[in-house]
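Below: the structure, in structure tokens.
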Amino acid sequence: MIQETVWLISLSLMAIITAVFIYVAVNSSKTVPDFEAVQARALSFRAKLFWTLLVAGVIIFIATTQVLPYATTRGEVSADAVEINAVGKQWFWELSQNEVEAGTTVIFNVTTEDVNHGMGIYDSELRLLAQTQAMPGYENKLKFTFSEPGQYRLMCMEYCGLSHHTMIIPFNVK
Amino acid sequence: MTNESSISPLDKSARYAIVAYLGISALVFVLMMLLGLLMRMGQAQWLSIPPHIFYQVMTAHGAGMVGISGLAASAVLWYFLRRHVNLTTGILWANLVFFLLGVVLILGGIFLGGYGGAWTFLFPLPSHGMGVWGVSGAASFLIGLLLIGVGFLLLYLDVGRAIISKYGNIGRGLGWPQLFGNSTDFPPASVVASTMVVIINIAGILAGAVVLTMILINLFYPAFAVDALLTKNLIFFFGHVFINATIYQAVIAVYEILPEYTGRPWRVNKVFLAAWTASTFMVMFVYPHHLLMDFVMPTWMLLMGQILSYLSGLPVLVVTAYGALTIVHRSNLRWDMVSGLLFVSMFGWAVGVIPAVIDGTIAANQVMHNTMWVPGHFHMYLIVGLVAMLFGFMYYIAQNGAPKLLDRLAFWVYLVAGTGFCMNFLASGQASVARRWAVHLPEWVGYSHAASILAAGIALAALVFALRFLTHMGNARTA
Ligand code: HEM
Ligand SMILES: [Cu+2]
Ligand SMILES: [Cu+2]
């Protein structure tokens, strides 16, 4: 699951930064006679740090952008996908179909008749699996394969006024 | 580093203005934090808050916090930059007047007009209040924002004018002759940072003014067609730039004050200049990372959003945070409220980079966008980073940094509760809790219990900081 991975990475990196700050704070009362020397060492380490982060960033960028969620909206067709129209309105969803078989790939054509909404697919454990925005005058196509059966929910992911938090519609995967 | 004795004294009017900016900010921060606490307690179901009230409070908290951060941060910029260039005190006051007028209209729009369309006023929500608010509430809110924008625009135009008249042009303010040539006559850090802020904030405020005007016209003449995707781009450009600029202004306090405490200069060199020039461009072009879930946006812009999100973390971590760490390390510095809060602020900014960068990754954004992850990362920047910087600056200005027991206590509560509160947001975002929901699903409520307690801690600690400033502001620095 993306969330778990992301959470672990975040916690680890944040812990490293925290440790560095604590280390510096704890040692701040000590002194070194020669700040120039401290600075020279710090600068040479900084150069290494910079290049390491840059290279890591490039690698992560390439690795994470191999599959983008935009292809369907750009016109890529998926032969046996089921198309479902999802229209957001203040404050309910209108779906052309609210049930599919497990294993079905669905293309949600998401738009709105009034303000911005967002459509998030939540599983029965309330985990967010994918989302897209619902924009007035535009149609975002969200492709998602429901591999597991269960009672899913589509919930509003963009603030749309008074009843934003009630824009939930069940979606059944048999 | 600036030589104390060479600093010309602040004239009385400028001194009062700085104190007024900071005094008002201190109060508003505490008040807005209480609104934040209210929201968390509502989500915790400890208080029963009707949804329309929740969303009004959310709108006030968002607009109030962003606005007051801008105000307080501009005081930091002004206070230090005036040591190097000739700023106009009258404009500093004019900005405050515009700000207060704007606040009146905003509060009226929200609490009298019922406007609850969030500080981001995403088109066409302002005109779709569905009976909760009408045209007048929305218009009052939007015009209020516009007025605040006019004030800030005047202020940054004056700052730009002053920098140009001393240094010749904007590029020189950023140190380009030194960056791209052999001159070693570097401009001071405050000038470089201020120049960057002038560029980005003038661009940001103008974009904001354009989009506010479009939405206002549409509000009264719906036949005036407005494109929802275009306005979204403009709004996020403006919003992203403006809130980020607050940190880039407030960090001037770190550049100026930490060296005073450690006796080590903050070196301006090519790396520093390169970092600020790079940030100038990145802060402006990174905004599409707010639109990663708008699939109709051009792919190249969204990829640019991800790349720049990664890159813009680098100057923060490798130049500013790293620089602060180097000058503090084994420096035998004097710890007090000023140095303590400034040090904490560097921690908050650096540590907040991580969840921000992660959210800027398209693959992660698919399951993090508009979850609590988002307020999680920006509250880390803002509570533990920015606001700590600003309170540190207030202690510095009021010259009451030597901590009493109460200050010490408030400091630790602020640090621990602040970090904990943001980690709680992040944890709930990671667990898919949606942001901006007045009423949470039963499974989500537990997070808000812990968050409410932590929020109360932050607000109490901030109250101590604020009262300390308000009771010592008579002792404000005269230079
Ligand atoms: C005690 C401290 C604070 C508390 C308890 C608090 C609480 C909250 C809460 C509960 C939300 C709404 C979360 C949701 O989407 O469900 C929020 C949003 C926000 N907060 Fe805070 N906050 C605090 C401090 C700050 C500070 C210091 C700033 C800025 C300097 C800030 C800026 C914002 C902004 C811009 C939003 C977004 C509003 C929106 O979604 O429209 N907050 N805060
Ligand atoms: Cu909605
Ligand atoms: Cu909604």
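Are any residues in region A:119-174 more than 9 Å from chain B (Cβ to nearest Cβ) and within 16 Å of ligand 1 (Cβ to nearest atom), and if so, which ones? Selection gives A:167 alone. Against the list (1) over 18 Å from the mean Cα position of the chain (by Cα); (2) farther than 17 Å from residue B:217 by Cβ, the condition residue B:143 fails is (2).
Only a single item in (1) in contact with a His (Cβ under 9 Å, 6 or more places away or on another chain); (2) within 7 Å of another protein chain (Cβ to nearest Cβ) is not met by residue A:31, and it is number (1).
How about region A:145-167: which of its residues are of a type in the set (Val, Ile, Thr) and in contact (Cβ under 8 Å) with a residue 60 or more places away in the chain? Of everything in region A:145-167, just one residue is of a type in the set (Val, Ile, Thr) and in contact (Cβ under 8 Å) with a residue 60 or more places away in the chain, namely A:166. Residues in region B:326-370 that are assigned to a helix (DSSP H, G or I), over 23 Å from residue A:26 (Cα atoms) and polar (S, T, N, Q): 2 in all.
Every condition in (1) open to solvent by less than 90 Å² (accessible area, probe 1.4 Å); (2) touching a residue at least 40 places away in the same chain (Cβ under 8 Å); (3) more than 8 Å from chain B (Cβ to nearest Cβ) is met by residue A:19 except one, and the failing one is (2).
Looking across B:304, B:337, one residue alone is modelled with pLDDT of 95 or more, of a type outside the set (Phe, Trp, Tyr) and either in contact with a Ser or Thr (Cβ under 8 Å, 6 or more places away or on another chain) or under 30 Å from residue A:72 (Cα atoms) (or both). It is B:304.
Each residue in region B:274-322 was checked for being touching a residue at least 60 places away in the same chain (Cβ under 8 Å), hydrophobic (A, V, I, L, M, F, W, C) and in a helix (DSSP H, G or I), and 5 of them qualify. Exactly one residue out of A:122, A:138 is within 19 Å of residue B:127 (Cβ to Cβ), among the hydroxyl-bearing types (Ser, Thr, Tyr) and either in contact with a Pro (Cβ under 6 Å, 6 or more places away or on another chain) or surrounded by fewer than 24 Cβ atoms within 10 Å (Cβ to Cβ) (or both): that is A:138. Scanning region A:158-174 for residues that are open to solvent by less than 10 Å² (accessible area, probe 1.4 Å) and either of a type in the set (A, V, I, L, M) or in contact with a Ser or Thr (Cβ under 7 Å, 6 or more places away or on another chain) (or both) yields A:167, A:173. Examine region A:100-107 for a residue that is facing chain B (nearest Cβ under 10 Å) and buried (at least 19 other Cβ atoms within 10 Å of the Cβ), and state whether such a residue exists. Within region A:100-107, none of the residues are facing chain B (nearest Cβ under 10 Å) and buried (at least 19 other Cβ atoms within 10 Å of the Cβ). Restricting to region A:143-157, and then to whatever is assigned to a strand (DSSP E or B) and within 16 Å of ligand 3 (Cβ to nearest atom), can you tell me which residue is surrounded by the fewest Cβ atoms within 10 Å (Cβ to Cβ)? Restricting to residues being assigned to a strand (DSSP E or B) and within 16 Å of ligand 3 (Cβ to nearest atom), the top hit is A:153. If you filter region B:170-205 down to residues that are touching a residue at least 40 places away in the same chain (Cβ under 8 Å) and in a loop (DSSP other than H, G, I, E, B), you find that the one that is nearest to residue B:7 (Cα to Cα) is B:188.
The values are calculated or read from the model by the stated rules, or taken from the named source; none is laboratory data. Remember, it's a predicted structure, so these values are computed and weren't measured experimentally. Note: ideal-geometry Cβ built from the backbone for every residue, glycine included; neighbour counts use all protein chains shown. Surface areas here come from the heavy atoms of the whole protein model, side chains and all, with no ligands, DNA or RNA. Shrake-Rupley method; radii C 1.70, N 1.55, O 1.52, S 1.80 Å.
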